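Below is one structure. I have some questions about it.
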Amino acid sequence: MKKEDIKVCIMRVGGTNCDAETKRAFEDLGVKAEVVHLNQIIKGKNLLNYDALVFPGGFSFGDYVRAGAIWAKGIVAKLGRDLKKFVEQEKPVLGICNGFQVLVEAGLLPGLDGTSKYPQAALATNEPIGYRCIWVHLKLENSGRCIFTQKIPKEKVLRVPIAHAEGRFMFLKEKESEYLQRLYDSDQLVFRYCNEKGEYADGRYPVNPNGAFHDIAGICSPDGKIFGLMPHPERAYYGWQLHDWTRRTRVPEYGDGRLIFESMTEYLTKKF
């Protein structure tokens with residue numbers, strides 16, 4: 001598939017944000033991207049006509065009940081059949097921040113035994129409590145399964161911003177050891193919070209900005225085609241988006257976030 005033939009659906013609902021930045025990132029790579037409201041798909045647009053699906057960040061439906069819960073249940077109830085076909089066709093699905101919360105609530109991640117009826121994980125209230133909008137460092141843990149990080153060398157440290165109040169990744173206490181081992185065994189652990197030297201946070205704030213278990217910032221499905229992360233790569237796509245760009249003698253053309261969109265695009269050009 002040629003880049004210009006790729007069609008990406010960036011789904012939105014009330015309360016989502018950064019859909020425009022996400023669209024611009026794909027367009028910079030020469031890919032067609034369309035911001036589509038959930039209701040448009042329900043009322044006629046065919047999800048299966050797209051080659052990739054993105055759930056952007058924000059606070060969908062005010063994050064009532066739990067972050068991402070209402071959006072997730074709406075998708076499962078109204079688009080469940082098409083979404084299942086979409087995933088079975090090995091088309092990539094990306095969830096950013098609120099989108100990651102949606103994928104977890106919908107049972108698509110971590111997907112240890114396939115799509116689960118009930119969430120196998122949670123993205124809970126930050127510890128310390130509060131909305132956090134800062135730049136963080138991420139270390140790539142994946143060994144190659146995740147198609148969204150194939151252009152990133154293992155253990156490379158990226159710098160990307162976060163913007164959330166509920167990003168503390170966690171498993172049920174009695175399942176922590178088992179599920180973490182399964183993430184490692186199936187190469188589903190993608191990003192962990194670290195410092196600029198690549199040293200893990202070990203739960204310490206502010207290197208770990210939300211208290212996430214095992215410093216987890218992003219995971220993928222067992223086949224690597226579904227990926228969710230709390231940081232915002234679309235906010236670190238261009239060099240001028242970097243928070244310290246005015247202090248630099250030379251501003252890079254692109255930031256680290258571009259690598260994620262580039263990896264996904266390359267997968268589509270080679271796969272289809």
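What are the pairs with Cβ atoms under 6 angstrom where one residue, in segment 194-217, is exposed (fewer than 14 other Cβ atoms within 10 Å of the Cβ) and the other, located anywhere, is outside any loop (DSSP other than H, G, I, E, B)? Sequence gap at least six, or different chains.
Glu196/His137
Next question. Going by what's in this entry, would Glu234 be described as surrounded by fewer than 24 Cβ atoms within 10 Å (Cβ to Cβ) and at pLDDT 95 or above? Reasoning before the result, please.
On the way: surrounded by fewer than 24 Cβ atoms within 10 Å (Cβ to Cβ): no; at pLDDT 95 or above: yes.
When the stated conditions are applied, Glu234 does not pass them.
Looking only at segment 146-164, filter to residues that are free of Cβ contacts under 8 Å to residues at least 60 places away in the same chain and surrounded by 13 or more Cβ atoms within 10 Å (Cβ to Cβ); which one of those is nearest to Trp245 (Cα to Cα)?
As a first pass, look at segment 146-164 and keep what is free of Cβ contacts under 8 Å to residues at least 60 places away in the same chain: 153-157.
Then keep just the ones that are surrounded by 13 or more Cβ atoms within 10 Å (Cβ to Cβ); that gives 156-157.
Details: Lys156: 21, Val157: 18 Å.
So the residue we want is Val157.
Can I ask one more? If Arg247 satisfies all but one of (1) over 19 Å from Val31 (Cβ atoms); (2) surrounded by 15 or more Cβ atoms within 10 Å (Cβ to Cβ), what's the number of the condition it fails?
Checking Arg247 against (1) over 19 Å from Val31 (Cβ atoms); (2) surrounded by 15 or more Cβ atoms within 10 Å (Cβ to Cβ), the one that fails is (2).
Now a separate question. Which residue is surrounded by the most Cβ atoms within 10 Å (Cβ to Cβ), if the candidates are limited to segment 87-117 and must be over 20 Å from Thr265 (Cβ atoms) and among the acidic types (Asp, Glu)?
It comes out as Glu105.
Could you please let me know if Phe61 is aromatic (Phe, Trp, Tyr) and under 20 Å from Leu259 (Cβ atoms)? Give the derivation first.
Details: aromatic (Phe, Trp, Tyr): yes; under 20 Å from Leu259 (Cβ atoms): no.
No; evaluated as a whole, the condition is false for this residue.
Further question: With of a type in the set (Val, Ile, Thr), touching a strand residue (DSSP E or B) at 6+ places or on another chain (Cβ under 7 Å) and under 16 Å from Ile152 (Cα atoms) as the only criterion, which of Ile260, Ile219, Ile226 stands out? Show your work before the answer.
Details: Ile260 fails: touching a strand residue (DSSP E or B) at 6+ places or on another chain (Cβ under 7 Å); Ile226 fails: under 16 Å from Ile152 (Cα atoms).
Answer to the check: Ile219.
Could you list, in sequence order, all residues of segment 81-121 that are modelled with pLDDT under 95 and either part of a loop (DSSP other than H, G, I, E, B) or touching a helix residue (DSSP H, G or I) at 6+ places or on another chain (Cβ under 9 Å) (or both)?
If we filter segment 81-121 for residues that are modelled with pLDDT under 95, which is where we start, we get 113-118.
Once the filter is applied, which keeps residues that are modelled with pLDDT under 95 and either part of a loop (DSSP other than H, G, I, E, B) or touching a helix residue (DSSP H, G or I) at 6+ places or on another chain (Cβ under 9 Å) (or both), segment 81-121 yields Asp113, Thr115, Ser116, Lys117, Tyr118.
The values are calculated or read from the model by the stated rules, or taken from the named source; none is laboratory data. As the structure is a computational prediction, the values presented were derived from the model and not from experiment. Note that we place each Cβ from the backbone using ideal geometry, even for glycine, and neighbour counts take in every protein chain shown.
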